[in-house]
Amino acid sequence: MLDQVVDTGRYPLTEVDSAEWKGVISQVRAELAETGCCVLTDFVRPEWEETLRREGAEIAPRAHYDVETVNVYNIAVDDDLPADHPGRVEFQRGNAFVARDLVPEEAIIHRLYTSAPFQRFVADCFGLERVHELADPLSGLCLNVVRPGMEHPWHFDTNEFTVSMLTQSPDAGGVFEYCPGIRSEEAENFDDVRDVLDGRGGSLVRRLTLRPRDLQLFKGRFSLHRVSPVEGGTARHSAIFAYSERPGVIGSVSRTEQLFGRVLPVHLEAGRAVRGDLLLD
């Protein structure tokens, strides 16, 4: 499947430790170290673009859709927060997610997500010994849907690294914007975050117009990011491949309910997810 779907001439996923493999890995790691983001263009072969788009479009109506009031930390606004705290800035989030259990196993994104060579490649790109599929039956792999007029507002990820692929471009808008390394494990840097939210932090923001078939590797735990409002009549679809450095990861009840509108017994049994730092989210 990989040789058919992935351009293995440029990205030799099955030739581990070859000179070509090491060259790609070196390039990715350098870009991640510099900006926290790397885009591997034309990762999927062009003849599969329409299949990729069609498969996403067919499952997009299964997305849980809800408009919520959120902040960048996905936490409740606390009366104890100072008046100028960035957690007090609220946004309307109108994006939606198709859960993993609604993605057909034969879909390209599902086959990539579960591919051992693909997982090895992702792990090497981030300098990890290995990555594990989430044990969570809903959030391990999902399709993100941003409808026209909606956006995915500024936020931080709960995972240190994110792997994604656009499967359908909007007519206009839907630009990926991010602020690399705006915070760290040791420092929230609230002033910089607030400047971006208030429109004063333009020098901190980078912009990417992603294309279908490109693979995006991103360190979203420490980089504030968003998808700008989608314009025109076509929704923006992107697959999110969620992995973890440790096995058995299950999402929290509150976060799962927020994203997918439902929880399963496994979420109720898992309790609160363990974090590796003390950041707000």
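Values for this structure:
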quantity: Check on residue 177, over 28 Å from residue 54 (Cα atoms) and of a type in the set (D, E, K, R); calculated: no
quantity: Evaluation of residue 187 against (1) closer than 19 Å to residue 81 by Cβ; (2) touching a residue at least 40 places away in the same chain (Cβ under 8 Å) (one fails), failing number; calculated: (2)
quantity: Filter result for residue 246 (of a type in the set (Lys, Arg) and within 24 Å of residue 32 (Cα to Cα)); calculated: yes
quantity: Filter result for the condition that a residue is surrounded by fewer than 16 Cβ atoms within 10 Å (Cβ to Cβ), within 17 Å of the chain's Cα centre (by Cα) and touching a residue at least 12 places away in the same chain (Cβ under 8 Å), over 114, 69; calculated: 114
quantity: Filter pass, residue 20 being in a helix (DSSP H, G or I), out of contact with any helix residue (DSSP H, G or I) (no Cβ under 9 Å at 6 or more places or on another chain) and either of a type outside the set (Gly, Ala, Ser) or modelled with pLDDT under 95 (or both); calculated: yes
quantity: Selection from the stretch 164-190 of residues that are in a strand (DSSP E or B) and aliphatic (A, V, I, L, M); calculated: 165, 166, 172
quantity: Within the stretch 137-163, tally of residues that are out of contact with any Leu (no Cβ under 9 Å at 6 or more places or on another chain), part of a loop (DSSP other than H, G, I, E, B) and buried (at least 21 other Cβ atoms within 10 Å of the Cβ); calculated: 2
quantity: Residue match in the stretch 216-228 (condition: modelled with pLDDT of 90 or more, loosely packed, with under 13 Cβ neighbours inside 10 Å and over 15 Å from residue 156 (Cβ atoms)); calculated: no
quantity: Of residues in the stretch 23-57 being on the phi < 0 side of the Ramachandran plot and part of a loop (DSSP other than H, G, I, E, B), the one surrounded by the fewest Cβ atoms within 10 Å (Cβ to Cβ); calculated: 41
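The values are calculated or read from the model by the stated rules, or taken from the named source; none is laboratory data. Everything quoted here is computed from the prediction, not taken from an experiment. Every residue, glycine among them, receives a Cβ derived from its backbone with ideal geometry; neighbour counts consider all protein chains shown.
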